[in-house]
Amino acid sequence: MIIMIFDRFTRDESEEIISDEEFVSRKEFKKLKRLINAHQYHIDNVYMFYNLEPTPILKDMLDLSYGLLAFFDNVCRSHDILYWIDDDTLLNVIRNGQLMAFSEKISVAVMKSDLDKLNYAVKLEIGRLGLNNLKYDHDKLEMSLVCPEIEAKLLSVAISSLDDIDGSIVKSSKNNKTERNNVFPLDEIHLNEHSFMIPAHPNDYLRQLNGKNYIKAISELHDSGKLNQLKSNEDILKSHISILDNANENFE
């Protein structure tokens with residue numbers, strides 16, 4: 001609701017028009033603002049006076065994210081496939097210097113011309129390393145880590161394909177364009193003892209492909225039910241982290 005209120009004054013002409021009935025009154029707005037300010041005051045004090053440490057499950061989810069992305073990175077490097085971190089994952093890396101532990105997916109991109117090679121490489125390496133809990137859907141372009149213990153998907157790598165057309169990089173799903181030099185030559189970023197590929201000019205890349213409001217991108221978050229199951233059985237995450245660590249070591 002807060003976003004809707006402010007978007008009324010900063011709305012892009014191409015966005016859908018929102019009716020007046022969907023907005024709160026000035027009195028309701030001021031009440032909501034006081035409530036937000038009160039919460040912000042308490043949050044500021046928490047950060048000022050306490051040294052906050054992540055809970056074990058947050059650290060494990062983050063380690064799992066790095067392990068899965070490192071596996072994808074190893075597959076691509078071993079088979080000479082260019083890829084880069086994309087979308088909300090790229091935004092979080094640039095803004096916060098790390099992956100998102102609480103996101104359902106890791107977003108990456110490849111050139112459309114490499115898709116056949118990628119499909120072959122991912123399936124080959126999953127089979128070669130005997131990663132039974134790692135599934136690849138070449139139709140959805142998604143590599144998922146599934147967990148039989150809770151009958152759910154833990155995490156996935158979502159792959160976007162892009163075309164090179166007349167010197168511009170075009171995102172197939174959105175048909176948005178970015179200049180080729182915003183992507184290539186790819187740059188490298190070091191995160192948590194891993195190296196991953198990112199576009200040459202990540203902010204310009206995100207802005208041109210996703211619009212000027214790209215900074216508002218929100219990831220698909222883990223549902224609380226799944227997290228509660230994982231929290232009650234921390235060995236599940238640790239076992240999958242170990243499996244990915246062993247697989248990544250076999251690439252070296």
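The values are calculated or read from the model by the stated rules, or taken from the named source; none is laboratory data. Quantities reported herein were computed from a predicted structural model and do not represent experimental measurements. Because the Cβ atoms are built from the backbone with ideal geometry, glycine has one as well, and the counts that use them run over all protein chains shown. Just the protein is used for accessible areas: all its heavy atoms, side chains included, with ligands, DNA and RNA removed. Shrake-Rupley method; radii C 1.70, N 1.55, O 1.52, S 1.80 Å.
What pairs from 171/212; 105/177; 123/231; 112/212; 117/140; 31/216 go past 27 Å between their alpha carbons? Checking Cα-Cα distances, 123/231 exceed 27 Å. Note that the stretch 35-45 has calculated 3J(HN,Hα) couplings of 5, 5, 4, 5, 5, 5, 4, 5, 5, 4, 5 Hz, one per residue in order, obtained from phi through the Karplus relation 6.51 cos²θ - 1.76 cosθ + 1.60 (θ = phi - 60°); glycine and proline are x. Of the beta bridges in the chain, as assigned by DSSP with both residues counted there, near 80 percent are antiparallel. Applying Stokes-Einstein at 25 °C and 0.890 mPa s to the Kirkwood radius of the chain, computed over alpha-carbon pairs, gives a translational diffusion coefficient of 120 µm² s⁻¹.
Among 146-154, 100-108, sorting by the average number of other beta carbon atoms lying within 10 angstrom of each residue, highest first, gives 100-108, 146-154.
Secondary-structure-derived ellipticity at 222 nm for the chain, considering helices only, amounts to -14500 deg cm²/dmol, per-run term -39500 (n - 2.57) for DSSP H runs with n ≥ 4. Where the accessible area of the chain is counted over protein heavy atoms with a 1.4 Å probe, how much of it, in %, is carbon and sulfur? Accessible surface attributable to carbon and sulfur in the chain totals 51 percent.
Net charge dipole, the stretch 11-165: roughly 620 debye, given to the nearest 20, about the Cα centre with Cβ charges of +1 for Lys and Arg and -1 for Asp and Glu. The alpha carbon centroids of the stretch 25-88 and the stretch 204-252 are separated by 11 Å. Accessible surface calculations at 1.4 Å, restricted to protein heavy atoms, place the stretch 41-168 at 49 Å² per residue.
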